[in-house]
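S.K.: Got a structure for you, questions after.
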Amino acid sequence: MSESYLPPSSLSFRDNLATLVSPLRRVRSRTPFFRLLAHRIPTLWSLYRGLLRNSPDESVKFRIRLLFRQNRHLTGTEKTRARLTLGYKYLDFFRKANEGDQHCQEVLRRYSRLIEMKRDKARMARLISEELDWLEQRRNQPIMTGSFIPASLFNVPLPRLSPQPQATSMIFLKRKKARQRRHDKRIQLEEDLQDIMAEEEFERGLLRSNQSAFESVFSGPNAQSWRGPILDTIQFIKESQNREYARAAMPIPSELIKQVFEARREKIRNKTREKERERRGEVLRSTIKRQRKGPPAHVLAKMSPERREMDKVSRSLSEVGYVALVKRKLGFKLKNPDAGLELGEKENRPLLNQAADFIRAENKRREEDIPTEQ
C-alpha cells in the first residue's frame with residue numbers, strides 16, 4: 001500500500017516514531033578514536049600527567065615514559081582499552097602510596113629497585129655492544145701498507161690499503177664497465193655513421209644518373225641533422241677517453257709520497273716492537289702463525305723426522321740454548337753468535353764434560369734395559 005492511501009493519523013504516527021528513534025541510531029565517526037580530543041585530553045592530561053606527578057622517584061617516571069612510548073602506536077580499541085584500564089589502576093595505586101599507605105609505598109620502593117637494576121643491566125649491555133662494535137670496526141679499519149696503487153685508466157695514484165675498502169673496489173669496477181660500454185657504443189655509432197654516408201652516396205648517385213629532382217633524405221641540407229648527433233656523441237666519448245689517459249699519466253703527489261713512506265717506517269717500527277715482545281716471552285698471534293708454518297709440500301716430503309723437528313725448532317725467535325744450536329746447524333745467521341754458546345767458564349769445562357758423559361752413559365744404559373717387543 002502506498003503512502004498516498006494511508007490515513008493522516010498513520011502518517012503522523014510514523015513521523016513521530018521516526019523523530020523519537022533517529023537520535024538513538026549509532027553514528028560511526030570517520031575520525032579514528034586516537035585523534036579525538038575526547039580520548040587525547042583525558043589520556044595525556046589526566047592519566048599520563050597524573051602518573052608522573054604521583055611517581056615516587058625518577059626510575060618509576062622513566063618506566064612510565066617508556067610504557068607510553070611503546071603503546072602510543074596502538075590503534076585497536078580492545079588493546080587500547082586494556083592498557084588504559086591498567087594505567088588508571090596504577091594511578092589509583094600511586095595515589096594511595098602518596099596518601100600514606102605503607103603497603104603501596106613498600107611495593108613502589110621494590111618496583112623502583114627492580115627498574116634501576118634493569119636499567120643498569122641494559123646500560124651495561126649497551127656499553128658492551130658499543131665496545132664490541134668499536135673493536136670490530138678497528139679490526140677491519142684500513143691501514144696503509146707502505147706501497148702505492150699506480151695510476152691507471154680507472155684511478156689516480158692511491159696508497160694501498162689493507163683491507164682495501166669496498167667503495168674503492170666498486171669505483172674501479174664501475175669505471176671499467178663504463179669504459180667498456182663507451183667503447184661498444186662508439187663502435188656502434190661509427191657503424192651507423194658509415195651507413196649514413198653510404199645512403200648519402202647512394203642518393204647522389206641517383207641524382208647523377210636520373211637527372212630527376214626528388215626530395216633528398218640523407219644528403220644535401222639534411223646531412224648535418226643525421227651526422228651531427230652521432231659526431232657529438234663520438235666527440236663526448238673521445239673527451240672521456242682523454243680524461244682517462246690524463247688520469248693514467250698523473251704523477252704521484254708529494255704529500256702522498258710522504259704519507260706512504262711514513263707508513264713504511266711505522267710498519268718497520270711496529271714489527272720491531274713485535275719482535276721485542278716475542279723475545280721477552282710474549283706469545284702473539286704472529287708467533288703462533290709462524291710456528292704453525294712449514295716448508296713447501298715437495299720439500300717437506302723429502303725431510304727426515306729429525307730434519308722436520310729441527311725446522312720446527314728453528315721457527316722460534318730465540319737465539320740461545322738448544323734453539324741457537326739448531327739454527328747454527330741449519331746455517332742461520334745469528335745476531336750474536338757467541339750469545340748462544342752455553343759452555344760455561346773455562347775452569348769448569350772439564351767438570352761439565354764429565355757430567356755430560358755421565359748423562360749420556362746413563363741414557364744409553366736405560367735404553368738397553370728397556371725390553372724389546374717380541
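The values are calculated or read from the model by the stated rules, or taken from the named source; none is laboratory data. The shown structure was predicted, so the numbers you read here are calculated from the model rather than taken from an experiment. As a convention, Cβ positions derive from the backbone with ideal geometry for all residues, glycine included, and neighbour counts pool all protein chains shown. The accessibility values were calculated without ligands, DNA or RNA, using every heavy atom of the protein model including side chains. Shrake-Rupley method; radii C 1.70, N 1.55, O 1.52, S 1.80 Å.
S.K.: Might you check whether a residue that is open to solvent by less than 50 Å² (accessible area, probe 1.4 Å) and either under 28 Å from PHE261 (Cα atoms) or touching a helix residue (DSSP H, G or I) at 6+ places or on another chain (Cβ under 6 Å) (or both) occurs anywhere in the stretch 126-137?
M.R.: no
S.K.: Just need a number here: residues in the stretch 49-73 that are over 21 Å from GLU116 (Cα atoms) and touching a residue at least 12 places away in the same chain (Cβ under 8 Å).
M.R.: Selection size over the stretch 49-73: 2.
S.K.: Which helices (runs of 4 or more DSSP H) sit wholly inside the stretch 264-344 and have at least 2 residues that are of a type in the set (Lys, Arg) and surrounded by 12 or more Cβ atoms within 10 Å (Cβ to Cβ)?
M.R.: 305-314, 321-330
S.K.: Of the residues that sit in the stretch 242-260 and are within 31 Å of the chain's Cα centre (by Cα) and of a type in the set (Lys, Arg), which one is surrounded by the most Cβ atoms within 10 Å (Cβ to Cβ)?
M.R.: Only one residue tops the list, namely ARG247.
S.K.: Sort out which residues of the stretch 71-106 are of a type outside the set (Lys, Arg), surrounded by fewer than 14 Cβ atoms within 10 Å (Cβ to Cβ) and over 18 Å from PHE33 (Cα atoms), and write them in order of number.
M.R.: Those that are of a type outside the set (Lys, Arg), surrounded by fewer than 14 Cβ atoms within 10 Å (Cβ to Cβ) and over 18 Å from PHE33 (Cα atoms): LEU86, ASP92, GLU99, GLY100, GLN102, HIS103, GLU106.
S.K.: Is there a residue being closer than 30 Å to SER318 by Cα, touching a residue at least 24 places away in the same chain (Cβ under 8 Å) and assigned to a helix (DSSP H, G or I) anywhere in the stretch 241-263?
M.R.: yes
S.K.: Still on this structure, I have one more. For the stretch 303-325, which positions are of a type in the set (Asp, Glu), farther than 17 Å from LYS275 by Cα and touching a residue at least 12 places away in the same chain (Cβ under 8 Å)?
M.R.: Once the filter is applied, which keeps residues that are of a type in the set (Asp, Glu), farther than 17 Å from LYS275 by Cα and touching a residue at least 12 places away in the same chain (Cβ under 8 Å), the stretch 303-325 yields only ASP311.
S.K.: A further question follows. For GLU200, state whether it is modelled with pLDDT under 95 and open to solvent by less than 80 Å² (accessible area, probe 1.4 Å).
M.R.: Yes; evaluated as a whole, the condition is true for this residue.
S.K.: With the requirement that a residue be open to solvent by 70 Å² or more (accessible area, probe 1.4 Å) and of a type in the set (Phe, Trp, Tyr), what does the stretch 10-53 give you?
M.R.: Of everything in the stretch 10-53, those that are open to solvent by 70 Å² or more (accessible area, probe 1.4 Å) and of a type in the set (Phe, Trp, Tyr) turn out to be PHE13, TRP45.
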